1. So, in region 648-677, how many residues would count as being open to solvent by 70 Å² or more (accessible area, probe 1.4 Å), in contact (Cβ under 8 Å) with a residue 24 or more places away in the chain and assigned to a loop (DSSP other than H, G, I, E, B)?
2. Restricting attention to region 310-336, and to residues there that are among the aliphatic types (A, V, I, L, M) and surrounded by fewer than 17 Cβ atoms within 10 Å (Cβ to Cβ), which single residue is nearest to the chain's Cα centre (by Cα)?
3. Report, ordered by the first and then the second residue, all pairs with beta carbons closer than 7 Å, sequence separation of six or more or different chains, a first member in region 504-527 that is among the basic types (Lys, Arg), and a second member that is open to solvent by less than 30 Å² (accessible area, probe 1.4 Å).
4. If PHE308 passes every condition in (1) more than 30 Å from MET771 (Cα to Cα); (2) hydrophobic (A, V, I, L, M, F, W, C); (3) in contact (Cβ under 8 Å) with a residue 60 or more places away in the chain but one, which one does it miss?
5. For region 565-589, what are the residues that are within 30 Å of THR538 (Cβ to Cβ) and either without any contact (Cβ under 8 Å) to a residue 12 or more places away in the chain or open to solvent by 40 Å² or more (accessible area, probe 1.4 Å) (or both)?
6. For TYR633, all conditions in the list (1) of a type in the set (Phe, Trp, Tyr); (2) closer than 30 Å to THR546 by Cβ; (3) touching a helix residue (DSSP H, G or I) at 6+ places or on another chain (Cβ under 9 Å) hold save one; what is the number of the exception?
7. Name the single residue, out of those in region 427-441 being at pLDDT 95 or above and farther than 18 Å from GLY210 by Cβ, that is least open to solvent (accessible area, probe 1.4 Å).
8. Counting only residues that are open to solvent by less than 40 Å² (accessible area, probe 1.4 Å) and hydroxyl-bearing (Ser, Thr, Tyr), how many does region 628-647 have?
Amino acid sequence: MKQTFILFLFLLSLNLTAQNVTVNGKLVSAIDHDPLPYATISVSREASPANSIKKFATRENGSFSTSLAPGKYLFVFHFVGMNELTKAVEVNASQNPLELGEVSLTEGATELDELKVTAQKPLVKVEIDKLTYSAKDDPESSTSNVLDLLRKVPLVTVDGEDEIQLKGSSNFKIYLNGKPSNMISGNPSQVLKSMPANSVKDVEVITDPGAKYDAEGVGGIINIVTDKRADDGYSGSVGANGDNFGGYGGNAYLATKYGKFGFTGNAGYFHHKRPESESNFGREEYTPNPQNTLTLNGTNESDGGGLFLNGSISFEPDTSNLFNLSASRFGGKFNSLNLQEALSTGARPYSYNTRSESTNQFGGMNLSADYQRSFKKKGEMLTASYRFENNPNDSEYESTYDGVTGSFYYPDGHRIKSTNDAGGSEHTGQVDYVNPLNGKHSVEAGLKYIYRDNTSRADHTFFDVNDDTWKPDPGKKNDLDHTQNITSGYAGYGYKMGKVGMKLGLRAENTEQNIHFMSNDLDTIVQTSFFDLVPSATLSYQLGMTQTLRGGYNMRISRPGIWYLNPYVNDVDPNNISYGNPRLDAEQQHNFNVNYGSFSQKLNFNATLSYSFAKNAVTGYSFVQNGVTHNTYANIGRNQTVGTNLYVSWTPTQMIRTYLNGGINYTDIQSTENSELKNSGFSGRAFGGLTFTFPRDFRVGTNGGLFLNRIQLQTEQSAFYFYSFSLQKSILNKKLDLALNIQNLFSKYRAITSTTTGVGFTQRNEFMNPMRNFRISVTYRFGDLKTSMKKVQRSISNEDVMQGESNTQQGTSTNPTGN
């Protein structure tokens, strides 16, 4: 009897299961078709709408699935900030599964003050070919600049001298809104200091650049995406800052959208002043050079400023067409005063005192026009764009030599002047097309043309103490004309099904270049061309809703710019001169990496293991000739690097947020021309911080960084660290932010040493730089402050969305991954 009863229950359960129908669908926004994650869905019978029989949530990608017996039902979709939707659904046993397709919710606009958001959104998102850091969700972005923001971005580090590295490499490209910006790449620290962080929406670290990206930038790409309004209205901010060194600055940001027109722009001015620092230089020369010892002791102080302007106007006549015009300008100069005492003993005995005043001008201008055509198929798009850039890089100096004794190059009272008018311009035109063939497959293709024109002209004069007149010095003439014509095309394929994703691409680039080198006794024209096939491949696998594993390969190219090509000899210090090499070739680097990312509301973790190698790397090197250290570049580097990068962000409570960002590399580098020039070893970097958010909008934070020895062909640099404390208070209904930042409170100076070894010499540099700094920042936000509540919703904890939801039907899961 017992067995018969169990069999009866088993057959009954099979019958009930067979009668149930699976209902699938996807909840999206009606405006942009973005998925709505963790939305609440309530199901009731049509005959009894007040009595819910099921409640569940959409998955992270907006999809949902549930099982129902045949009948007529009402599905009620609820998402914070969206208009609630009730949809009648009839379930038939003959249609299993039942596909509802996309269900769209319309948005509602609400004053920000009407909603109190207490949860925090994870700052980092992992995608198949990049990591995205959400600048808008960083609580410190309201009073900081973009350079400070980069310190927190995974795989990116910024040291105490404001030098930016991507995965431990200084060779990378910086994009602004998806387009390369030589203006920023040439002066990254100064430009990014001028940009307020609250004008940035996201920072994308493109570790696996696909075929559509230029092959330039061996370390990868940092893409800075500025914020734009999605709804009608205006918002903006103004800010000011000052520090105890005497530096000060101001910035303004404005974003507006009215109907079919939109405008986004920001402006920034900064004045930089660094107090006097000390330097000590020592060089020992030995066989095969004559034995000699040179010591230089000096001081240096500098000041200067710059202005940054950026604006973009968009016009969207309909949902299929979008026009965009943008312009940016950055320019400024730095003045420095250097005093030095020199003493040489041994084969070349002499001494002197010198005073050098120099001015370096920097900046750039960018103009671009873009057209975007969207088609009926979602995601199918055609874009055409043109961009013009001009980047001057001028400099000048004047030096005076007094107290000269012994066999020095110049007589007592000698004076020299030198000016260098250098820079480059660039024209770019491109067409891109992308087509998502279906839900699994997509293709993309494009063409691009770049014309570059780099020039350098110098004027050298000296003061003849015998004739008491200024005279030209034609023997120092080193002028350059350098042009490049780069033609490229690419094709890419993407595949996405379930948990597996793949992107494959191939880019072809042909470069024709003309180099005209002009010296006092030589006029040389060199014409070269080279063709590169640049493959890329990325694979990803979603281990779970919050875990992703991906791996990739790409080849990158580094074409030297005017900073590396310029043959102008900078001999402001006649014992240490530097100049570029107009005969440099493009560098090729091959990169492999594996990345694991996991995120939740409280813990965000990302780890990368990478390997790269290059056989013709553009490498800085030094040699001594006739008692002078020459510093220049050549394609002599054969290097390989194995590295790890780690990013961890932890938010245990609404009050505490902490993060750690850094990595360790092992590098082996050697010269292809001199077997004695080689180096290998470990280098590392780390940056971390802790922020406490107290009631009444008061924040306290601390940050710190540590950089280990950097491995270069001939030079080893000492490790150093830095740290800071910050206080921030928001008042006037969070419209006014006040911040105090204290850097290196317990260290007035910091010593940085470097040792360079070459054939027949060893030299050591030590710099004592002032570090203790106090900075005050003020930011005021204004505007109508209306926003789409969908964006606010996405900053609410998934746990808050899910909390309180219950299932009234036994056996139905309430977690986002269940039915």
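The values are calculated or read from the model by the stated rules, or taken from the named source; none is laboratory data. Small disclaimer: the values here were computed from a predicted structure and weren't measured. Note that we place each Cβ from the backbone using ideal geometry, even for glycine, and neighbour counts take in every protein chain shown. The area values use the complete protein model at the heavy-atom level, side chains included, leaving out ligands, DNA and RNA. Shrake-Rupley method; radii C 1.70, N 1.55, O 1.52, S 1.80 Å.
1. So the count comes out to 4.
2. By that ranking, first place goes to ALA327.
3. ARG507/ALA211; ARG507/ALA215; ARG507/SER488; ARG507/TYR490; ARG507/VAL534
4. (1)
5. If the condition is that a residue be within 30 Å of THR538 (Cβ to Cβ) and either without any contact (Cβ under 8 Å) to a residue 12 or more places away in the chain or open to solvent by 40 Å² or more (accessible area, probe 1.4 Å) (or both), then ASP585, GLN588 are the ones that fit.
6. (2)
7. Looking at residues that are at pLDDT 95 or above and farther than 18 Å from GLY210 by Cβ, I get THR428.
8. Adding up the residues that qualify gives 4.
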